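For reference, the structure discussed in these notes is given below.
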Amino acid sequence: DASAGGGGVRPIAPPAFGVDPIWSIAENKLGFANSFKMKISIVIGVSQMLFGLACKTSNCFYFKQWKEFYFENIPEFLFLISLFGYLVFLIILKWTTDWVGLGLPAPALLDTLLKMLLEFGSPIDDKDLLYHGQAIVQPLLVCLAFVCVPWMLLPKPLLLRAEHRGGYKELTAEDH
């Protein structure tokens, strides 16, 4: 201990927020930096898409476009949250969990997401579990995303087709 006159260096705890400066001298510095930038890009991108959907939703309310709201905005929001929002949740979970302290390797999020989609219904290995309930949550999110696709693609065109089956109404000067 340096204070006891031993001349040793006192260990410094990693920062509570931000990137630990030790990465600047690590051998895998480039891999870490690229991985970090990719994860930050995903978090920012999903946040921007959610903001865009919020703007679109406010326009639907303002202009009373109920078909767009029910058959575009709601399924788009649910699809975005069920896949990409979940990925953001996993990124934050990975960042905030002390994997070394738990004695576990840090999870590969790409593998987790791919297995969620491509190995639907298969049991999750104990070594791949990130949190309790993951085996229940992931299939539900995939089912929700699957339901959202036809919900976005079918009802609105069919409703518009039914509305205009008798032809289009002629516009007058008052309609403009």
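The values are calculated or read from the model by the stated rules, or taken from the named source; none is laboratory data. Everything quoted here is computed from the prediction, not taken from an experiment. Quick reminder, even Gly has a Cβ in these numbers, built from the backbone with ideal geometry, and neighbours come from all protein chains shown. Just the protein is used for accessible areas: all its heavy atoms, side chains included, with ligands, DNA and RNA removed. Shrake-Rupley method; radii C 1.70, N 1.55, O 1.52, S 1.80 Å.
Within segment 31-72, the set of residues being assigned to a helix (DSSP H, G or I), over 21 Å from PRO107 (Cβ atoms) and open to solvent by 70 Å² or more (accessible area, probe 1.4 Å) comprises ILE44, GLN48, MET49, PHE51, ASN59, PHE61, TYR62, TRP66, TYR70. Can you name every residue in segment 159-176 that is in a helix (DSSP H, G or I) and either within 18 Å of PHE71 (Cβ to Cβ) or modelled with pLDDT of 95 or more (or both)? Answer for segment 159-176, where residues must be in a helix (DSSP H, G or I) and either within 18 Å of PHE71 (Cβ to Cβ) or modelled with pLDDT of 95 or more (or both): LEU159, LEU160, ARG161, ALA162, GLU163. Taken over segment 12-30, the criterion of being surrounded by 12 or more Cβ atoms within 10 Å (Cβ to Cβ) and either part of a helix (DSSP H, G or I) or under 15 Å from the mean Cα position of the chain (by Cα) (or both) is satisfied by TRP23, LYS29.
Among all positions in segment 120-135, there is no residue which is under 30 Å from TYR70 (Cβ atoms) and of a type in the set (A, V, I, L, M). A residue that is within 15 Å of the chain's Cα centre (by Cα) and under 30 Å from PHE32 (Cβ atoms) occurs nowhere in segment 96-107. For segment 93-110, the set of residues classified as open to solvent by 80 Å² or more (accessible area, probe 1.4 Å) and outside any loop (DSSP other than H, G, I, E, B) consists of TRP95, THR96, VAL100, LEU102, LEU110, listed by residue number.
With respect to LYS156, is the statement that it is assigned to a helix (DSSP H, G or I), touching an Asp or Glu at 6+ places or on another chain (Cβ under 7 Å) and basic (Lys, Arg) true? Spelling it out, LYS156 is indeed assigned to a helix (DSSP H, G or I), touching an Asp or Glu at 6+ places or on another chain (Cβ under 7 Å) and basic (Lys, Arg). Reported count of residues in segment 111-141, each being in a loop (DSSP other than H, G, I, E, B) and either open to solvent by 40 Å² or more (accessible area, probe 1.4 Å) or among the aliphatic types (A, V, I, L, M) (or both), is 11.
LEU153 passes every criterion in (1) open to solvent by less than 50 Å² (accessible area, probe 1.4 Å); (2) of a type in the set (A, V, I, L, M, F, W, C); (3) within 30 Å of SER58 (Cβ to Cβ) apart from (1). Among the residues of segment 75-88, is any open to solvent by 60 Å² or more (accessible area, probe 1.4 Å), out of contact with any Ser or Thr (no Cβ under 8 Å at 6 or more places or on another chain) and either among the hydroxyl-bearing types (Ser, Thr, Tyr) or at pLDDT below 90 (or both)? No, segment 75-88 contains no residue that is open to solvent by 60 Å² or more (accessible area, probe 1.4 Å), out of contact with any Ser or Thr (no Cβ under 8 Å at 6 or more places or on another chain) and either among the hydroxyl-bearing types (Ser, Thr, Tyr) or at pLDDT below 90 (or both).
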